[in-house]
Protein chains: 2
Amino acid sequence: MPQLKVTLRDVAAHAGVHPATASRALSEATRHQVNVETARRVVAAAHELGYEPDLTARTLRTGRTATAAVLIPDLTNPLFPPIVRGIEDTLAERDFTALIANTDNDTERERRVLRAMRARNVDGFILLTAHRNDETLAALIRDQIPVVTVNRTASGPDISSVSADDNAGIAAIVDHLVAQGHSRIAAVVGPRTLSTGRARYKAITAGLRKHGLQLPPERTAFARAFSEEEGRRCMTELLAGTDATAVVAANDTLAVGCLDALRDHGLTCPKDMSVTGFNDILFMDKLTPPLTTVRIPHTQMGVESARILLDQMLGRSAATTHAVLPIELIVRESTAAPTR
Amino acid sequence: MPQLKVTLRDVAAHAGVHPATASRALSEATRHQVNVETARRVVAAAHELGYEPDLTARTLRTGRTATAAVLIPDLTNPLFPPIVRGIEDTLAERDFTALIANTDNDTERERRVLRAMRARNVDGFILLTAHRNDETLAALIRDQIPVVTVNRTASGPDISSVSADDNAGIAAIVDHLVAQGHSRIAAVVGPRTLSTGRARYKAITAGLRKHGLQLPPERTAFARAFSEEEGRRCMTELLAGTDATAVVAANDTLAVGCLDALRDHGLTCPKDMSVTGFNDILFMDKLTPPLTTVRIPHTQMGVESARILLDQMLGRSAATTHAVLPIELIVRESTAAPTR
DNA sequence: AGGACGACTGCAATCGAGTGCACTCTGCAT
DNA sequence: ATGCAGAGTGCACTCGATTGCAGTCGTCCT
């Protein structure tokens, strides 16, 4: 019957050596300090007793927890699970664990979470929550704690980040619509306090300009959040005052809201209005009509961010990295040539 | 400028007392052992210095981590995020944190995860992964570690569990179909190694029997996983050999696969075949046609399970609880009266 | 022969908080 | 005056693993 809790002393006693020797024998990095035969005995003893080092004790001594905090706005937003999955799997390869917390984009909640994570001595942070001028982020930088931002990027260039190529994505969307014959193109813009909202807004105007087109105010609606309700509201607003034949929504969730609004008004997509999204989250291929959107490599973004963070946490590289991952235009049935 | 790491000794020094006294003054449970005035001074000092106790050190001494492990098959399955969210929020109310890990229903991976979690001294486990005769589960029970199973239940009655009322849900589905005039009803059954697959299978036959109907082999398809591909395969199989007018899928993901298969065969739902799901995961209202399904209280299931686990971890109650939460039939457009 | 060096191993301190035990001191009763 | 209760505080050890330092022993060189 195995002991309830096997400690290093047990292993040492079983192998007939001092705990210090046992410790050295069991760690890859210090094993060379120990006689091969002794090391073999210790390892055998550890195996036999089913020894598993107590990470708490190790942490207290070394200051490392082999844990990274992952801060996301809301896990129930389908954009995030694949990213988190990529992060967790990658961290696990190095025996690191992720501590996940939801912030709901709420500053107060973010502060609470940050404190809780720091009390737990996490070795690094992956932020999917960064807003411009982020207090949390600033605090981490100040204290020299490894950080990587994902999806949203923050102001400073001195923070590692991973993102999808928003510019290329929006450009692809605009090119596609123009190629189909659209010239009066409207936009449902995301919150400009978030880098994604801002960047994609700029990208749309830039993309249109390339084709000699403009984005006048009456064809622009500003969403206060990346939510279906806001998408619906914005589309309704646009329907009232514009003659646009296509709408570029800043993300899929907003696009779903746009489709809702069209249905509310008895209009059909794409006949009366083409609609596009961004991200290609789950089930976008099952909508009516299936949504034309931009696919970003969700899982890969998680993987990349975890890799960069691991490099920093393990001291392998202190270099600031900005990974911009390639996107893919996914043309489905929510876009078609204009009928007006 | 605040010190990088404020320790208990700093607080004690600042208040002019011994660390032991400071410790007692700061803990609710031992504060009465300390002079009120002294305690006030210590608390003031702690506040002033921004003291935050080091949870690692506390854990080493007390054996408690204020952490619970949450084992799920796969975070990217939309069934789980709302449950996890409920768990996290509820744990946070008591300053507990969740450690989430994906197992992919893989026994080997499950073992690895279990070891990692135990090395981290988690105080309890919430399993959304339990299969019948679960090795992981057995190990936890043996070592008297608090466990709650969610969604899937395990064999033993001595383990707390939270689940939705599968029987009532399936019964509601069957009643609904029969009321619409269906009598030849087929089923896409989930994996029988999982309690949900098994329970719903039994519930379907029971539900049909209540109406004097049967579920013959040619109207039964067995899915090897709760996946869209398997749903598609099973539906295809059924289409080949039966005259059923409705299909009850064991969950939404399978139902989505069924819809795929119908489309593949040029059939329309619900005209040619009614289809039902289970769980009412995200976007089931956006499918073509919107899916008739059973809504389970996802978030609430997470909340309940966390509550039960907290009770056990805090030693407030050792009683085994079996919570069965009420469901709701959601009738949409994937079901209609049979045309044959 | 004497010294130097290197390979191993053990000792003891450390990380930060919590807690049993012992001590001091005051106030009150005998 | 002596004793005693009890409040308040400090001392020292504990949790388990890691690591700087010092010691032991054998070997090799001059």
Selected residue (criterion: surrounded by the fewest Cβ atoms within 10 Å (Cβ to Cβ)) from residues of the range A:181-219 that are without any contact (Cβ under 8 Å) to a residue 12 or more places away in the chain and not in a helix (DSSP H, G or I): A:Gly212
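Can you name every one of the helices (runs of 4 or more DSSP H) wholly within the range A:17-84 that holds 2 or more residues which are out of contact with any Ser or Thr (no Cβ under 9 Å at 6 or more places or on another chain) and near DNA strand D (Cβ under 10 Å from one of its atoms)?
Details: elements: A:19-26, A:36-49, A:55-62.
Correct list: A:19-26, A:55-62.
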With (1) under 30 Å from B:Leu309 (Cα atoms); (2) more than 11 Å from DNA strand C (Cβ to nearest atom); (3) not in a loop (DSSP other than H, G, I, E, B) as the list, and B:His14 as the residue in question, which single condition is left unmet? (1)
Would you pick out the residues in the range A:256-302 that are hydrophobic (A, V, I, L, M, F, W, C) and out of contact with any strand residue (DSSP E or B) (no Cβ under 9 Å at 6 or more places or on another chain)? A:Ala261, A:Leu267, A:Leu282, A:Phe283, A:Leu287
Using beta carbons and a limit of 7 Å, which pairs, at least six apart or on different chains, have the first residue in the range A:10-32 and more than 15 Å from A:Pro53 (Cα to Cα) and the second one within 7 Å of DNA strand D (Cβ to nearest atom)? A:Thr30/A:Arg24; A:Arg31/A:Arg24
Selection status of A:Leu60, under 26 Å from A:Met313 (Cα atoms), within 12 Å of DNA strand C (Cβ to nearest atom) and among the hydrophobic types (A, V, I, L, M, F, W, C): yes
Test: A:Ile281 is at pLDDT 95 or above and at the interface with another protein chain (Cβ under 10 Å from one of its Cβ atoms): yes
Right, B:Glu93: away from chain A (no Cβ under 14 Å), without any contact (Cβ under 8 Å) to a residue 12 or more places away in the chain and within 30 Å of B:Gln144 (Cβ to Cβ) or not? no
Quick one: would you say B:Val122 is over 26 Å from B:Met284 (Cα atoms), among the β-branched types (Val, Ile, Thr) and in contact (Cβ under 8 Å) with a residue 60 or more places away in the chain? no
For the range A:119-133, which positions are part of a loop (DSSP other than H, G, I, E, B) and within 13 Å of chain B (Cβ to nearest Cβ)? A:Arg120, A:Asn121, A:Val122, A:Asp123
Can you name the condition, by its number, that B:Thr136 falls short on among (1) part of a helix (DSSP H, G or I); (2) β-branched (Val, Ile, Thr); (3) crowded, with 21+ Cβ neighbours inside 10 Å; (4) within 16 Å of DNA strand D (Cβ to nearest atom)? (4)
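Yes/no per residue for (1) more than 30 Å from B:Lys271 (Cα to Cα); (2) not acidic (Asp, Glu):
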{"site": "B:Ile159", "(1), (2)": "yes, yes"}
{"site": "B:Asp165", "(1), (2)": "no, no"}
{"site": "B:Ile170", "(1), (2)": "no, yes"}
{"site": "B:Gly181", "(1), (2)": "no, yes"}
{"site": "B:Arg184", "(1), (2)": "no, yes"}
{"site": "B:Val189", "(1), (2)": "no, yes"}
Considering B:Asp166, B:Asp143, B:Asp175, B:Asp123, which residue is crowded, with 22+ Cβ neighbours inside 10 Å, more than 26 Å from A:Thr299 (Cα to Cα) and of a type in the set (D, E, K, R)? B:Asp166
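Here are some residues: A:Gln300, A:Gln312. Which one is in contact with a helix residue (DSSP H, G or I) (Cβ under 9 Å, 6 or more places away or on another chain) and assigned to a helix (DSSP H, G or I)? Walk me through it before giving the result.
On the way: A:Gln312 fails: in contact with a helix residue (DSSP H, G or I) (Cβ under 9 Å, 6 or more places away or on another chain).
Exactly one residue qualifies, and that residue is A:Gln300.
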Selection over the range A:4-48 where residues are surrounded by fewer than 14 Cβ atoms within 10 Å (Cβ to Cβ) and of a type in the set (Lys, Arg) yields a count of 3
I'm trying to understand the selection: among the residues of the range A:224-262, which are within 14 Å of chain B (Cβ to nearest Cβ) and among the polar types (S, T, N, Q)? A:Ser227, A:Thr253
Got at least one residue in the range A:106-118 being under 20 Å from B:Arg120 (Cα atoms), within 11 Å of chain B (Cβ to nearest Cβ) and in contact (Cβ under 8 Å) with a residue 60 or more places away in the chain? no
Total residues in the range A:25-61, condition away from chain B (no Cβ under 14 Å) and under 26 Å from B:Arg58 (Cα atoms): 1
Would you confirm whether any residue within the range B:287-304 is of a type in the set (S, T, N, Q), more than 24 Å from the chain's Cα centre (by Cα) and surrounded by fewer than 24 Cβ atoms within 10 Å (Cβ to Cβ)? yes
Failed criterion for B:Thr90 (all others in (1) in contact with a strand residue (DSSP E or B) (Cβ under 9 Å, 6 or more places away or on another chain); (2) among the polar types (S, T, N, Q); (3) modelled with pLDDT of 95 or more hold): (1)
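The values are calculated or read from the model by the stated rules, or taken from the named source; none is laboratory data. Remember, it's a predicted structure, so these values are computed and weren't measured experimentally. Backbone-built Cβ (ideal geometry, glycine too); neighbour counts: all protein chains shown.
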